[in-house]
């Protein structure tokens, strides 16, 4: 087991009641679970997202914390949050990194694996 290690998993959901496909507005929610699978406690300081849509538009988002929090996670602890995004295409992908500072001062990043945002039953 690595000293500085987090795992990230994501579940997505299309929000039909907030979307308007006729006007190119597709709203998605995503729930992220961040778990400290390492041996040292660490605090999530910031995030970096890369969103790529069907029209090859790429947007990068950087900011402090996640949904107003900068959780400190001890080994074995996890933090879950839900956020969302509005897109102009019915499908996109997201990926990125979280930046952490461990209790011993070590700084490191954890990759957010790429995931898809898509309308139900649109993938073949």
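None of the figures in this text is laboratory data; all of them are computed from the coordinates on show. Keep in mind that this is a model prediction, so the values were computed, not measured. Cβ placement follows ideal geometry from the backbone for every residue including glycine, while neighbour counts extend to all protein chains displayed.
Could you please give the count of residues in region 1-19 that are surrounded by fewer than 12 Cβ atoms within 10 Å (Cβ to Cβ) and outside any loop (DSSP other than H, G, I, E, B)?
Count: 1.
Evaluate the following for residue 24: is it free of Cβ contacts under 8 Å to residues at least 24 places away in the same chain and over 17 Å from the mean Cα position of the chain (by Cα)?
Values: free of Cβ contacts under 8 Å to residues at least 24 places away in the same chain: no; over 17 Å from the mean Cα position of the chain (by Cα): yes.
So residue 24 does not fit the description; no.
Consider residue 121 against the criteria (1) assigned to a strand (DSSP E or B); (2) over 14 Å from residue 5 (Cβ atoms): it satisfies all of them except one. Which criterion is unmet?
The number of the failed condition is (1).
Could you list all residues from region 35-69 that are more than 19 Å from residue 111 (Cβ to Cβ), in a loop (DSSP other than H, G, I, E, B), touching a residue at least 12 places away in the same chain (Cβ under 8 Å) and within 15 Å of the chain's Cα centre (by Cα)?
Matches in region 35-69: 67 only.
Taking the condition of being more than 14 Å from the chain's Cα centre (by Cα) and in a strand (DSSP E or B), how many residues in region 79-88 meet it?
Within region 79-88, residues that are more than 14 Å from the chain's Cα centre (by Cα) and in a strand (DSSP E or B) number 2.
Looking at region 89-110, can you tell me whether even one residue there is touching a strand residue (DSSP E or B) at 6+ places or on another chain (Cβ under 6 Å), farther than 22 Å from residue 7 by Cβ and part of a loop (DSSP other than H, G, I, E, B)? Full working, then the answer.
Pass one, region 89-110, residues touching a strand residue (DSSP E or B) at 6+ places or on another chain (Cβ under 6 Å): 89-102, 107-110.
Okay, now just the ones that are also farther than 22 Å from residue 7 by Cβ, so 89-92.
Going one step further and asking which of them are part of a loop (DSSP other than H, G, I, E, B), we end up with 89-90.
The answer is yes; a qualifying residue exists.
This table checks each residue for (1) in contact (Cβ under 8 Å) with a residue 40 or more places away in the chain; (2) closer than 17 Å to residue 14 by Cβ.
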residue: 72; (1), (2): no, no
residue: 79; (1), (2): yes, no
residue: 84; (1), (2): yes, yes
residue: 90; (1), (2): yes, yes
residue: 100; (1), (2): yes, no
residue: 105; (1), (2): no, no
residue: 113; (1), (2): yes, no
residue: 118; (1), (2): yes, yes
